[in-house]
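Notes for the one structure printed next.
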Amino acid sequence: MGKTFEGRFDARGQQIALVASRFNDFFTSELVEGARDCLRRHGVEDAQVETCWVPGAFEVPLAAKRFAQTGRYAAVICLSCVIQGDTPHFHYVASELTKGIAQVSLDADVPVVYGVVTAETLDQAIERSGTKAGNKGFDAALTALEMIDLFARIDAG
Ligand code: INI
């Protein structure tokens, strides 16, 4: 039987980037705090976590790409909140955000993580930003930690 590779939640000593959108920052600031909290609890020091703020979800993939291309970070975590309004606008923004992050993720050499709240109502957004349904930022940081360690193990062979 060949090897099985599985990441642990360990990225001590690594630099991690957060890309957060200001649109709906009532929620995205909670996602940023959730991500920082998760990283801190797993031994990543605050000084190793760098954050950039972009206007809205649509701008997130481009900033994530820019961060990933620097080669300075072990992972890039994207944090956004898209909430349905009275028009289909929400669907276009959420769709471009999702496609963009997927594309950046496949082109990057490091994990690019989707820490996005897509909600039909404010209640759903509240539930996913640190209340009943957890915190999507915390979950995304956990995914980043696992993927960083997984890639290190795969590279080590
Ligand atoms: N940006 C968001 O981050 N969330 C939203 O819910 C949202 N909606 O629905 O309009 C949103 N729009 C702004 C968009 O991301 C861009 O910043 C803007 O269109 C400029 O390119």
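The values are calculated or read from the model by the stated rules, or taken from the named source; none is laboratory data. Bear in mind that the values here come from a model prediction, so they are computed numbers and not experimental data. Here the Cβ is made from the backbone with ideal geometry for all residues, glycine too, and neighbour counts use every protein chain on show. Note: areas computed on protein heavy atoms with side chains; ligands, DNA, RNA excluded. Shrake-Rupley method; radii C 1.70, N 1.55, O 1.52, S 1.80 Å.
Tally the DSSP beta bridges in the chain and give the antiparallel ones as a percent, rounded to 5. Roughly 10 percent of the DSSP beta bridges within the chain come out antiparallel. Full extension of the chain between Arg153 and Lys132 gives 4.1 nm of extra length, using 0.36 nm per residue less the Cα-Cα distance. Taking trypsin sites (Lys or Arg not before Pro) across region 1-69, the ones in a DSSP loop with at most 14 further Cβ atoms lying within 10 angstrom of their Cβ are Lys3, Arg8, Arg12, Arg22. Averaging the sequence gap over all C-alpha pairs within less than 8 Å and six or more residues apart, then dividing by the number of residues, gives region 35-131 a relative contact order of 29 percent.
In whole percent, what relative contact order does region 17-70 give with Cα contacts below 8 Å and a gap of six or more residues?
Numbers: 48 pairs, mean separation 27.9, N = 54.
For region 17-70, the relative contact order is 52 percent.
Computed as a quarter of the hull surface, the mean projected area of the alpha carbon convex hull for the chain stands at 9.8 nm².
Simple rule: put +1 on each Lys or Arg Cβ and -1 on each Asp or Glu Cβ in region 92-157, find the dipole, and look at Gly134, Ala144, Ile154; the Cα lying farthest toward the positive end is Gly134.
Ellipticity at 222 nm from helices only: DSSP H runs of n ≥ 4 in the chain, each -39500 (n - 2.57), divided by the residue count, give -15500 deg cm²/dmol. Helix 89-107 and the longest principal axis of the Cα set of the chain meet at an angle near 10°. Separation of region 93-138 from region 1-79 is 12 Å, based on Cα centroids. With coordinates expressed along the principal axes, the C-alpha atoms belonging to region 79-137 extend over 36, 27, 10 Å, beginning with the largest.
Placing +1 on the Cβ of every Lys and Arg and -1 on the Cβ of every Asp and Glu, with no other charges, gives the chain a dipole of roughly 320 debye about its Cα centre.
Using a 1.4 angstrom probe with every protein chain in place, what is the largest-first accessible-area order of Ile126, Ile148, Ile83? Walk me through the numbers on the way to the answer.
On the way: Ile126 70, Ile148 10, Ile83 40 Å².
Per-residue accessible area, sorted high to low, gives Ile126, Ile83, Ile148.
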